[in-house]
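Peer 1: Pasting a structure below so you can have a look.
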Amino acid sequence: CDDDFLGGESEEAPRSGVGPRNLVYVVYTSGSTGTPKGVLIEHRNLLNLVGVYGRRLGITEDDRTAMLAGVAFDAAVVDIWPYLVRGASLHAPDPQTRVDPRRLVPWLIDHEIDVVSLPTALGEAVFREDWSRSCRLRACLVGGDKLHAAPRQRLPFTLYNSYGPTECTVDSTWFVVPTGAGGPQAPPIGRPIDNYRVYVVDPDSKPLPVGEKGELWIGGAGVARGYLNRPELTAEKFLADPFRHGTDDRVYRTGDLVRFREDGEIEFHGRIDDQVQIRGYRVEPGEVEVVLNAHADVEAAAVVAREDTPGRVRLVAYVVSSKPSVELLPALRSFAGERLPPYMVPTLVAVDELPMTLNGKVDRRALRPPEEYVGWRGETGGAPPRDDVERKLVEIWCDVLRLDEVGIDEGFFDVGGDSLSVVTLLVAVEKELGIAIEVPDLLRAPTIERLARIVRGDDDASRRPIVVPLRADGAGAPFFCVAGAGGGCHWFGELSRLLRSDRPFLGLEPIGPAGAEHTIEAIAAGLVEEILRIQPEGPYHLGGYSTGGMVAFEIAQQLRRSGADVGLLALIEADGARDYSTRAGQVVAFARNLARMNPGRAVRTVLDRAGYALGAMRQRLRQSAESKVVVARLDARKHEDEAALHAYVPQSYDGDVHVFACEERPMTATVAGSYGWAGTVRGRIVASIVPGDHYSMLGPPAVRTLARDLQAALDETARPVASGGAGPARQPNL
């Protein structure tokens with residue numbers, strides 16, 4: 001018998017030798033790479049997590065929980081161990097009930113479940129079910145994907161939005177989501193749970209301030225040992241904690257893009273490597289999903305970047321709704337268009353449901369091209385063409401910009417046009433319609449509807465100078481901003497969108513009156529006439545980028561000499577010492593900047609510049625003889641602007657200026673603090689430093705800092721317009 005067999009054994013507890021640093025399990029995850037890798041979790045990692053669940057959720061032996069995750073998925077850890085160690089019971093539904101929200105909710109109620117963890121996508125569907133019956137459920141945790149919005153209906157339990165990579169033992173942060181609100185913003189992922197630390201860092205591994213997006217690093221008791229038999233990957237992703245010197249603590253680099261809110265909560269903004277280039281802009285599909293899910297008729301949405309045609313990337317949104325697609329899609333496109341810039345408004349596809357993986361996440365690989373869905377039709381948010389000229393221009397734009405459709409009221413630069421595609425467009429218009437148009441014509445008439453007037457001869461295209469209303473609404477005094485050498489107010493598009501919409505943002509092309517000498521003074525004089533026509537009385541808020549900053553400076557001089565009141569004078573990368581005014585100076589400054597960067601960032605900077613240069617070179621190599629003529633005209637204009645800058649001698653200025661300088665500038669200019677303006681400006685020189693370089697500061701993410709600081713400068717400087725000055729309160733007369 002067993003007694004006889006065991007009779008000689010010791011009754012003392014055996015010494016296992018197992019400690020907190022021993023492995024407790026290895027779980028395989030593909031993460032965002034698609035390549036499985038084994039994560040090594042130690043006893044201390046799991047023990048901390050079990051303690052968090054027990055303490056925060058108050059788990060006792062009387063509790064009942066649902067076991068929904070597959071045992072090969074790391075979420076099974078929180079379905080099992082926090083409950084078993086406290087004597088609670090586990091209950092497993094059948095496979096059909098586990099993934100069907102219409103079955104799962106009654107099952108949770110009937111089985112008197114107290115606490116449950118759900119994959120986020122399944123949870124979002126569960127929250128929309130009927131919770132009117134009395135239930136015992138007191139806590140529900142969702143995780144594994146982004147929670148797009150707080151539930152619109154009030155739920156009878158506490159909802160936790162949990163976040164954490166497998167490499168940090170399932171959960172790292174929690175946030176209690178208020179239900180019944182259903183606001184337009186995605187709920188944050190909260191704060192670190194017990195014994196965890198979090199950092200938000202820039203590409204140089206430096207901590208970022210509140211509000212700035214960066215990579216999330218996680219430290220603390222949950223950080224795994226590393227990857228099984230992957231020492232190189234372990235060394236890349238698991239680092240010694242640079243913020244806790246003298247310890248052996250480590251951090252895990254998540255690759256997730258987040259930011260701290262002012263209240264200390266963390267907002268999740270997707271994967272760093274999920275950012276895609278759409279029409280030359282960096283786009284985070286997760287931000288588009290948040291907007292779509294805020295629409296009252298949208299039950300779920302998934303946004304992906306598709307390249308079904310080589311070289312042609314488009315955003316596609318797959319939307320679930322009970323509303324007929326013929327009613328939903330036009331309304332949803334309008335809804336998105338009011339909240340997103342045009343290049344982020346996706347192609348919309350109505351689907352019955354989003355495909356799911358076995359672990360309850362949206363299976364994005366199973367989403368098909370829009371054309372393969374029954375009943376899908378291409379749609380455009382703009383007006384259709386009305387005559388042969390507009391129809392031909394639509395064809396040209398779609399061909400040049402690789403679009404399916406475009407409305408005649410949509411702007412060329414809003415739907416993906418850039419400095420490279422301008423040339424192709426101008427050549428195509430001249431070839432197909434027999435009329436030569438110039439870049440200034442396109443800037444004045446950026447839509448098909450307005451450009452068609454020039455083609456027909458209904459519009460006087462010779463008027464100079466040019467004002468580009470990047471945003472024409474707002475009752476405050478306009479902000480006039482001069483483009484750099486060669487023109488191009490479209491570069492201000494993202495900046496104008498990020499500024500508060502209480503005042504117009506009017507771009508000024510640095511083109512002087514017809515027949516006038518091409519000097520900074522003559523250009524400024526022509527623009528002053530336009531400014532006074534639009535806004536008869538001050539104060540005048542002015543800005544300019546690069547060479548345009550010098551023009552803005554001269555505009556301010558001429559306005560003040562006439563007795564007008566100048567409010568803000570914002571000089572954006574307009575170096576008074578003119579370090580950038582020659583090619584040699586630009587090369588020297590670029591070399592200095594590279595020397596100041598860490599090696600990794602320097603390599604990325606060089607590769608980014610090289611990529612742009614190669615793209616421009618390929619574009620020029622493919623150019624026809626007609627294209628080369630247009631390019632020569634564009635280059636000639638830029639050289640004229642640079643020559644005017646070289647000849648310009650700024651005179652003494654009694655007012656204040658606000659300099660916006662990029663972070664990656666020559667060391668001498670940064671140390672001096674005045675950026676070359678100390679001998680010219682007699683008033684205050686206020687400096688704001690913007691991340692990035694001379695070119696990248698106008699694009700994401702650096703432009704957010706520029707917009708924030710520029711808005712603060714406008715708020716500080718702006719004063720009410722004098723009585724009788726009707727100009728600022730009316731739409732610009734363009």
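Peer 1: Once fully extended, how much extra length lies between I80 and R368, figured as 0.36 nm per residue of separation less the alpha-carbon to alpha-carbon distance?
Peer 2: Answer, rounded to one decimal: 100.1 nm.
Peer 1: What whole number of Å gives the distance from the Cα centroid of segment 328-349 to the Cα centroid of segment 61-132?
Peer 2: If you average the Cα positions of each part, the centres end up 36 Å apart.
Peer 1: In nm, give the distance between the simple-model label positions of S89 and A13, each being 7 Å from the Cα along the Cα-to-Cβ direction.
Peer 2: 2.9
Peer 1: For segment 20-146, give the percent of accessible area contributed by carbon and sulfur heavy atoms, probe 1.4 Å, rounded to a whole number.
Peer 2: After summing per-atom areas, the C and S share lands at 53 percent.
Peer 1: Related question: Report P(r) for segment 114-231: all Cα-Cα distances, bin width 5 Å, range 0 to the bin holding the largest distance, values in whole percent.
Peer 2: It works out to 2, 10, 17, 20, 17, 13, 9, 6, 3, 1, 0, in whole percents.
Peer 1: Hey, another quick one. For segment 469-554, what % of the accessible area comes from carbon and sulfur atoms, probe 1.4 Å?
Peer 2: In segment 469-554, the share of accessible area belonging to carbon and sulfur is 54 percent.
Peer 1: Between R456 and E307, 0.36 nm times their residue separation minus their Cα-Cα distance comes to what?
Peer 2: 50.0 nm is the gain from fully extending R456 to E307.
Peer 1: Charges at C-beta only: +1 for Lys and Arg, -1 for Asp and Glu. How large is the resulting dipole of segment 81-197 about its Cα centre, in Debye rounded to 20?
Peer 2: I would put it at about 300 debye.
Peer 1: Provide the net charge surrounding E212, with neighbours chosen by a C-beta distance below 10 Å and charges set as Lys +1, Arg +1, Asp -1, Glu -1.
Peer 2: Neighbour charge sum, excluding E212 itself: +3.
Peer 1: Hey, another quick one. Test of the criteria: in segment 1-110, which trypsin sites (Lys or Arg not before Pro) are in a DSSP loop and have at most 10 other Cβ atoms within 10 angstrom of their Cβ?
Peer 2: Here the trypsin sites (Lys or Arg not before Pro) that fit, given the DSSP loop and packing criteria, are R15, R21.
Peer 1: Quick check on segment 34-149: take the gyration tensor over C-alpha atoms, sort the square-rooted eigenvalues as a ≥ b ≥ c, and tell me if it's rounded (a/c under 1.5), prolate or oblate.
Peer 2: Oblate is the answer for segment 34-149, as a/c is 1.5 or above yet b/c matches or exceeds a/b.
Peer 1: For D249 and R56, compute 0.36 nm times the residue count separating them, minus their Cα-Cα distance, and round to one decimal in nm.
Peer 2: Value of the extension gain: 67.0 nm.
Peer 1: Accessible area per residue, 1.4 Å probe, Å², for segment 474-545: what's the number?
Peer 2: Result: 29 Å² per residue.
Peer 1: Something else now. What is the sum of charges around F505, taking Lys and Arg as +1, Asp and Glu as -1, for the other residues whose C-beta is under 12 Å from the C-beta of F505?
Peer 2: +1
Peer 1: Right, something else. Along the Cα-to-Cβ line of R152, 7 Å from the Cα, sits a label point; which residues in segment 322-353 have backbone N less than 19 Å from it?
Peer 2: 322-339, 349-353
The values are calculated or read from the model by the stated rules, or taken from the named source; none is laboratory data. Being a predicted model, the structure only gives us computed values, none of them experimental. Virtual Cβ from ideal backbone geometry, glycine too; neighbours counted across all protein chains shown. Surface areas here come from the heavy atoms of the whole protein model, side chains and all, with no ligands, DNA or RNA. Shrake-Rupley method; radii C 1.70, N 1.55, O 1.52, S 1.80 Å.
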